[in-house]
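The values are calculated or read from the model by the stated rules, or taken from the named source; none is laboratory data. This is a predicted model, so every value here is computed, not measured. Note that each Cβ is placed from the backbone with ideal geometry, even for glycine, and that neighbours are counted across all protein chains shown. All accessible areas refer to the heavy atoms of the entire protein, side chains included, with ligands and DNA or RNA removed. Shrake-Rupley method; radii C 1.70, N 1.55, O 1.52, S 1.80 Å.
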Amino acid sequence: MSCGVISLRNVSKGYSDGNRHQPVIERLDLDIGPGEVVALCGPSGSGKSTLLNLIAGIAAVEAGSLTLRHHGQAFELHKLGEGARTALRRRLIGYVFQFFNLVPTLNVLENVALPLHLNRLDHRLPDARRRLQALGLGERLNAFPENLSGGEQQRAAIARALAHEPAIVLADEPTGNLDGKNSALVAEMLFSEVAKLGCALVIATHNQALASRAHRLVELGG
Ligand SMILES: Nc1ncnc2c1ncn2[C@@H]1O[C@H](COP(=O)(O)OP(=O)(O)OP(=O)(O)O)[C@@H](O)[C@H]1O
Ligand SMILES: [Mg+2]
């Protein structure tokens with residue numbers, strides 16, 4: 001019996017294109033412990049984003065089991081419908097999407113306040129503001145996503161993913177749009193915050209420097 005905060009057993013997932021089925025993830029076993037930092041590596045198209053979407057419950061596994069554990073409770077995602085998976089994601093997961101997914105009609109501070117509000121954690125807003133400041137966005141709190149650079153959107157997405165202090169942080173190419181200096185700053189911030197909060201972190205990345213800081217590498221598509 002595993003006590004991983006994330007456990008996959010024999011998980012398969014693919015996509016259907018007309019009458020053809022393209023397998024992406026096949027019979028994957030993976031356990032990630034509380035506070036563990038795992039880097040997902042592998043070439044473009046190997047299934048890194050697909051795997052993060054399964055863990056987040058955005059996509060459903062085709063076969064196998066996927067369990068999240070939190071405070072002694074086990075949540076069997078493979079048995080849950082979309083609504084229940086969404087409710088669980090809101091509570092347990094912070095997700096830095098590959099293409100950010102900031103809400104375009106909300107400014108930076110409002111984007112970060114949203115997961116707090118949805119979880120009735122509005123009292124954590126001062127901590128969230130502190131993170132925004134640490135990420136160099138202190139002067140951009142009232143800006144809307146369309147007026148931010150790619151790197152600024154990425155940093156806002158990171159602040160949003162951490163705001164409700166989730167048990168699991170999933171980050172898809174979290175430094176993909178940043179220059180060398182900002183990339184190091186953001187990586188530092190992400191690693192130190194997850195260590196402080198004790199959350200598990202799963203990062204999909206092509207960046208060797210970032211991957212080398214993980215406790216463990218998982219290679220997909222090998
Ligand atoms: N919604 C979808 N419908 C059909 N095929 C998809 C869908 N999403 C992903 N795929 C396919 O599944 C495979 C894996 O895609 P995925 O986005 O998981 O790769 P990745 O490892 O994250 O790549 P990258 O490094 O480019 O971000 C690719 O061949 C992709 O074309
Ligand atoms: Mg991807």
Checklist entry - What part of the accessible area of the range 82-208, given as a whole %, is carbon or sulfur when the probe is 1.4 angstrom? => result 50
Checklist entry - Within the P(r) computed for the range 58-117, what percentage of the Cα pairs occupies the region above 19 Å? => result 42
Checklist entry - Per residue, what accessible area does the chain have, given a 1.4 Å probe and all protein chains present, in Å²? => result 48
Next on the checklist: Quick check for the chain: number of Lys pairs with alpha-carbon distance under 30 Å, counting only pairs 8 or more apart or on different chains?
Outcome noted: 6
Checklist entry - Considering only the other residues whose Cβ falls under 14 Å of the Cβ of L28, what net charge follows from Lys and Arg at +1 and Asp and Glu at -1? => result -1
Checklist entry - Cβ under 12 Å from L197's Cβ, L197 left aside: what net charge do those residues give with Lys, Arg +1 and Asp, Glu -1? => result 0
Next on the checklist: Could you derive backbone 3J(HN,Hα) for the range 118-129 from the dihedral phi with the Karplus parameters 6.51, -1.76 and 1.60 (θ = phi - 60°), listing whole Hz in sequence and x where the residue is Gly or Pro?
Outcome noted: 4, 9, 6, 10, 4, 5, 8, 4, x, 5, 5, 4
Next on the checklist: When the expected Rg is taken as 2.2 N^0.38 Å, what fraction or multiple of it is the alpha-carbon Rg of the chain?
Outcome noted: 0.99
Next on the checklist: Tell me whether the range 181-222 comes out rounded, prolate or oblate; compute the Cα gyration tensor, take square roots of the eigenvalues as a ≥ b ≥ c, and use a/c under 1.5 as the rounded threshold.
Outcome noted: oblate
Checklist entry - Highest GNM mean-square fluctuation, the chain, Cα pairs closer than 10 Å: which of G64, G151, G18? => result G18
Checklist outcome for this item: Karplus ³J(HN,Hα) for the range 186-195 (6.51 cos²θ - 1.76 cosθ + 1.60, θ = phi - 60°; Hz, whole; x = Gly/Pro) runs 5, 4, 4, 4, 5, 5, 6, 5, 5, 5
Next on the checklist: Distance between the C-alpha centers of the range 103-150 and the range 173-215? Whole Å please.
Outcome noted: 19
Checklist entry - What net charge do the residues around N111 carry, taking every other residue with its C-beta under 13 Å from that of N111, with Lys and Arg at +1 and Asp and Glu at -1? => result +2
